[in-house]
Ligand SMILES: Cc1ncc(COP(=O)(O)O)c(C=O)c1O
């Protein structure tokens, strides 16, 4: 459906949005009416090169044909059932996730933050079931980001940020240790600690990959103390960093992993996947959600995952990501380029990330800014080296325009 089908102008859409929506987002200046592959189109059919992918969601390309077809097929037969009847898409997707990432059981959610809620709840109940009521403490990382609902925001190690401020008191039972510093995590663990929860690559924290020693050390620490290791792969999951789950490239398996974003290819779905031992703690009545495992979302996710596997998009993420990161190092004012696969962060030595982002939009490139001086790029994993060359040229101009 386009603007003309509604009899609206772009200005009217913006006006209605400003008038009737609570404003919590820093918007781009245009109305997006359609998207395809690597491009998003505005009301005048201007094409924007998409290097943010709906924030790491549209990994098989915007409006991927197979995902769209799966949605259309499913929507005609069964839109929603709640979790009383068994459904075909739930079963097939659960099998696909478990066999692809080496886990035993899946639990569906609707978003990243809800998947983290489920992971936190699982860990707390695992503590109660196995050690009694006092073992509920979870250590997470400073500068982490786990979502905006209360459990997830309490797990987020940014107490001074807008994520926490004004919403206190946050949930008790969390403390924050230095990312990539095993001693800091060891010091934060107490007799009451039941789990350690980290992102293998911190995204919102500035695109910081974990070291192998750090994740291996956390695994060992959890094993020694009978704790669960929880990985938040909401952003890194599903080939963003090369392998299906980022932990597979580190060779460090968590007890539970959360995922969302790229799993649904644009349809809202999240999940946790767990080992049989950890999963056994959740039983009928202990958790649930009306839309969890919605047939349309599961059908879309199955098509999305199959498409990413068939087209070897993980391999593309590694190859094109390395090419792009090398090239970005030659941008003006660059201080550091880091990331993994196609989760890429460029840190500048000037505090103008937001200006760079807006200059890039003016030149038809979409990225996101983190803090004062980092540009994050998470394009669809179908991106080519030629797309990266175009993005690089626009970014260069966008930095130069600042002076
Ligand atoms: C690592 C991580 N965890 C959790 C979330 C929250 O996911 P959602 O926005 O789907 O709730 C995000 C979103 O950016 C994320 O990057």
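The values are calculated or read from the model by the stated rules, or taken from the named source; none is laboratory data. Please read all numbers here as calculations on a predicted model, not as lab measurements. All Cβ positions, even for glycine, are placed from backbone atoms using ideal geometry, and neighbour counts span all protein chains on display.
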The one condition in (1) under 18 Å from residue 95 (Cα atoms); (2) buried (at least 20 other Cβ atoms within 10 Å of the Cβ); (3) more than 16 Å from the ligand (Cβ to nearest atom) that residue 280 fails to fulfil: (2)
Within the stretch 225-249, which residues are away from the ligand (no atom under 16 Å from the Cβ), under 20 Å from residue 178 (Cα atoms) and assigned to a helix (DSSP H, G or I)? 225
Anything in the stretch 97-109 that is in a helix (DSSP H, G or I) and within 13 Å of the ligand (Cβ to nearest atom)? List them, or say none. none
Could you tell me which numbered condition residue 151 fails, if it satisfies all but one of (1) within 12 Å of the ligand (Cβ to nearest atom); (2) under 23 Å from residue 343 (Cβ atoms)? (2)
Take the conditions within 16 Å of the ligand (Cβ to nearest atom), in contact with a helix residue (DSSP H, G or I) (Cβ under 6 Å, 6 or more places away or on another chain) and either closer than 23 Å to residue 35 by Cα or not assigned by TED's automatic domain parsing to the domain that holds residue 121 (or both) and apply them to residue 263. Does it pass? yes
Is it the case that the stretch 353-375 has a residue that's crowded, with 16+ Cβ neighbours inside 10 Å, without any contact (Cβ under 8 Å) to a residue 24 or more places away in the chain, in contact with a helix residue (DSSP H, G or I) (Cβ under 8 Å, 6 or more places away or on another chain) and not in a helix (DSSP H, G or I)? yes
Tally, over the stretch 201-227, of residues that are more than 30 Å from residue 375 (Cα to Cα) and surrounded by 21 or more Cβ atoms within 10 Å (Cβ to Cβ): 2
Tally up the residues in the stretch 110-144 that are assigned to a helix (DSSP H, G or I), over 22 Å from residue 82 (Cβ atoms) and away from the ligand (no atom under 11 Å from the Cβ), please. 10
Scope the stretch 92-107; condition without any contact (Cβ under 8 Å) to a residue 60 or more places away in the chain and touching a helix residue (DSSP H, G or I) at 6+ places or on another chain (Cβ under 9 Å); matching residues: 94
